[in-house]
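Here is the structure we will look at.
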Amino acid sequence: MSNKPARLLQKYDLLLEHLDFEYIRQCTNGREVENIVKVLRSGEEGYFPQLTAFAEERLKSLRPESRLLRKEQPLATKHTLPEDQWREISNNLHDWEYRMKTLTDELRSAQVESDDTTVPRIRGTFDPFAKEEEPKKVPQSKVIKYCDYDKWDKFDADTEMLKMDLDEERHREMVRLNNQKNSEQPKIVELPPEVKLSQQEKQVIAGKLREKGNDYFRAKEFKEAVEEYGKSLDLFPSAACFNNRAMANIKLQRYDQAIADCNQCLDLEPQNVKALLRKAQALTSTDKRREAYKVYCDVLRIEPTNAVAQTSTSALRRQLPDLPPPNAVRLTIEEVGNDVPQIDFRELIRPKKVIKDKLPDAIKQLKKDTVSLIQQQAQAQTKQETEEMTLFPKQPPRRTPLIEEL
């Protein structure tokens, strides 16, 4: 037969379904609610702070005198009470003690003056914790009486002189040692160094601290979770712990610290999608939407099908219409050195401007050329009529175009 103790659910004849808000709300049996509170406080079935608090409130309404509702009060000491309150209490006690002593002295003096035997004697102060005083022993004198002849017969003068010399020498040695201690400078005693842990031991302890921080995070106790994550990171920095502390800082609205944790996580793992998403969330909460949009774009380059990044980028583009699409690529412009000849585009436009400016002069020149050409043709025709017929007639002159193409 196993010696393992039975679980509290079996001990109190409870079911796991009884650990529910609705069941506790409808339960009217105070004893059963007490058993449920005991199970929840034990932590055997998990840590549920909200459910435990709800069960305690229900028990308070059903059985206000229950022992489970009693809370221990710390002792009132100088360190637990405020300074003003402690000073007031101390003054009151001193005043009461002074008044009692004065009253006792007055009663004793009155009794001595009256000498009435019928009046009982005033009792002295009694301390139950004081030790009983032992009767003092009267020290026996070492001086031998003159009539004690037996001791005088046993007395050895040389031995007594030797004892006196030894006592005197011990006293001198003690004085010398005390003077030597007072003259020496105080020595600084170094404490032993702390125990050095190996890298594997640090990693194991840091993992346990991180799990403890995760438990606090699930219980929505984010400040305690941040403290446990910090202890874990002091022993062994890891990307997962930085990531978890960043999320806890976001819950506490410490966005700058969350961004710093995400950056440290990305230094260890540059393609950590969770760290990128939490950094973008913190940037969005601090109204740095353009920087958050860039981080979401980095997430989409790593995971193109990430739903959170897609919905966030579309929402940011609706808020800021001038943002580029997530898959946009920025072109880089490189400056060309002085060795390569630069093209002056102004030279390509200059001829058109020249033609436009000289157009009236070209029309005038065209008119002059037309008139001169007509005159030349008329003269040639008159010469041809008067010219005799020859065997080899002259070829007509080549005709020039009216308008030259520029």
Worksheet item: Using a 1.4 angstrom probe with every protein chain in place, what is the largest-first accessible-area order of 210, 31?
Response: 31, 210
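Counting Lys +1, Arg +1, Asp -1, Glu -1, what net charge surrounds residue 77 among other residues with beta carbon under 14 Å of its beta carbon?
+1
When the accessible area of the stretch 199-285 is computed with all protein chains present and a 1.4 Å probe, what percentage of it is carbon and sulfur? Could the numbers behind the result be given before it?
On the way: 2170 of 4770 Å².
Here it works out to 46 percent.
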Worksheet item: For the stretch 43-101, which chymotrypsin sites (Phe, Trp or Tyr not before Pro) are in a loop by DSSP, counting at most 16 other Cβ atoms within 10 Å?
Response: 47
Worksheet item: Which percent of the accessible area of the stretch 8-67 is formed by carbon and sulfur heavy atoms (probe 1.4 angstrom)?
Response: 49
Fill in: Flagged links, alpha-carbon separation over 18 Å, of 202/231; 38/223; 251/279; 220/251
38/223
Fill in: About the Cα centre, charge dipole magnitude for the stretch 199-285 (Lys/Arg +1, Asp/Glu -1 at Cβ), debye
240
Worksheet item: In the neighborhood of residue 274, defined by Cβ-to-Cβ distances under 12 Å, what is the net charge if each Lys or Arg adds +1 and each Asp or Glu adds -1?
Response: -1
Worksheet, complete the sentence: For the stretch 43-96, shape from the Cα gyration tensor axes a ≥ b ≥ c, cut at a/c of 1.5 then a/b versus b/c, turns out prolate
Worksheet item: Counting Lys and Arg as +1 and Asp and Glu as -1, what is the net charge of the other residues whose Cβ lies under 14 Å from the Cβ of residue 53?
Response: +3
Worksheet item: Direction-averaged shadow area of the convex hull around the Cα atoms of the stretch 8-67, nm²?
Response: 3.7
Fill in: Cα gyration tensor, the stretch 199-285 - rounded (a/c under 1.5), prolate or oblate
oblate
Fill in: Loop-located GluC sites (Glu not before Pro) in the stretch 187-291, at most 14 other Cβ atoms within 10 Å (DSSP)
190, 194
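The values are calculated or read from the model by the stated rules, or taken from the named source; none is laboratory data. This is a predicted model, so every value here is computed, not measured. FYI the Cβ positions are ideal-geometry reconstructions off the backbone, even for glycines, and counts take in every protein chain you see. Each accessible area value is taken on the protein alone, full model and side chains, heavy atoms only, with ligands, DNA and RNA left out. Shrake-Rupley method; radii C 1.70, N 1.55, O 1.52, S 1.80 Å.
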